[in-house]
Amino acid sequence: MHASAPWPHRLLDVPALRQAGTSPVPFEQFVLKLSSRCNLLCSYCYVYTAADDSWRGRPPRIRQDVLERSAERIGEHVAGHGLRGIRVELHGGEPLLGGVDIALRQVSEVRAAVLAAAGTHCEVRVSVQTNGTQLTADGVGRLAAAGVRVGVSLDGGRAEHNKRRVDHAGRPAWEAATRGLALLARHPEAYAGLLCTIDLDLDPEDVYDSLMEFRPAALDFLLPHANWESPPPGKGPSSVGSAPYGEWLAQVFDRWFDSGRHRTRIRLFTEIIGLLLGFPSRAEAVGLSPVAAVLVETDGAIEQVDSLKAAYAQAPATGMNVFRNSFDDVLDHPGIVARQLGAGALGSDCLDCPVLRVCGGGHYAHRYRSGSGFRNRSVYCSDLELLIRHVAHRIEPVLRSGPLLPD
Ligand code: SF4
């Protein structure tokens, strides 16, 4: 067992699992924190408002030695596993708080390290996830020229949808974010899409329609990070069987599915459709695929995904860092192992569930309950089942309506 693993990951006996034949899946997604601070303080943000406040002790911006060592560790991992493609995601806080120079330095360090370690065999795709307020014409142009794609977080496509997105003085971020989006629209090759955290108080069709006005290549709708100890807004302990998020998402699905605007991919929906057709998932929100993502903080600490911060203090910690540890070391951390076990990490509720193959127990962070850790169904269980059944019900007639191609 891993000495520094925080409870409840210690419950997992990794050596026994390895002896039984479970093998690690190499990381292919590297989340690098460029900044541990944000100029906004969105009311639902799990980094600054949840149980974990480890950001307070971290350097506000990534240190140069961390930036270099992270890149070397990525190169080492790519070469060691013969990876043909990786994703590097630049995150924060707000990753562009220090300007685009830091981002571009990190990108060139990673590309150089991968090239040195593995030659030209590995494609490095880079994106930055920003609140949009720091985007400038010069910055967007330089990110685009460096092949960095930019994703922007919004709660909807109108000012009134974004009341929760405010700065530390309570001033709305909307105007600055839309200015950034207008700059991004001039570089469609760099415009990755929009990320929207669901607000049940907003009309789902209005949110979807208004976001589409920004012509995103892709959209994703996120369930607010929550768990059985901290249920999501609109789903208190007495209403866990209700499915308001599933109903909200089903309305968006219908709008998208019936609109014919499928060139804009909605990740949660295309993942569910793929899973229904028997393909493996590529997102952590649904499915049983092993998670292959790891995160490096501004001080070099290697952590699991940020979303675990919603569970309890230090939940994402591994006790490792890029100076002492390789990413291979992290693959044996019980928290990572658990997230690569698929159905093996689930409790009996999920194992007996008819939609398990598609749902996969939902997002790992949403399963947490004090006492039993993460071996529970998702706090969004009823929402996920409703949405999955709805999507299946909508695509079945299409698949049955005749051959997909003419003879
Ligand atoms: S719908 Fe609920 S019980 Fe079924 S797999 Fe998902 S979280 Fe588990």
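Assorted remarks:
- Condition met for Leu202 (over 22 Å from the mean Cα position of the chain (by Cα) and either in a helix (DSSP H, G or I) or under 18 Å from Glu94 (Cβ atoms) (or both)): no
- Residue list for region 365-387, restricted to those being touching an Asp or Glu at 6+ places or on another chain (Cβ under 7 Å) and of a type in the set (Ser, Thr, Tyr): Tyr368, Ser370
- All positions within region 231-273 that are touching a Ser or Thr at 6+ places or on another chain (Cβ under 7 Å) and either under 15 Å from Ala218 (Cβ atoms) or of a type outside the set (A, V, I, L, M, F, W, C) (or both): Lys235, Gly241, Ser242, Gly246, Glu271
To keep it simple, each residue is scored yes or no on (1) under 20 Å from the mean Cα position of the chain (by Cα); (2) exposed (fewer than 15 other Cβ atoms within 10 Å of the Cβ).
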position	(1), (2)
Glu213	no, yes
Ser230	yes, no
Pro244	no, no
Leu249	yes, no
Asp258	no, yes
Arg263	no, yes
Arg267	yes, no
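- Within region 380-403, tally of residues that are more than 9 Å from the ligand (Cβ to nearest atom) and either assigned to a loop (DSSP other than H, G, I, E, B) or under 14 Å from Leu277 (Cα atoms) (or both): 14
- Arg10 at pLDDT below 85, assigned to a helix (DSSP H, G or I) and in contact with a His (Cβ under 9 Å, 6 or more places away or on another chain): yes
- Answer residue from region 360-407, given it is under 22 Å from the mean Cα position of the chain (by Cα) and among the β-branched types (Val, Ile, Thr) and is surrounded by the most Cβ atoms within 10 Å (Cβ to Cβ) among those: Val379
The values are calculated or read from the model by the stated rules, or taken from the named source; none is laboratory data. Computed from a prediction, not measured in an experiment: that's the story for all the values here. Heads up, the Cβs are rebuilt from the backbone with ideal geometry, glycines too, and the neighbour counts pull from every protein chain shown.
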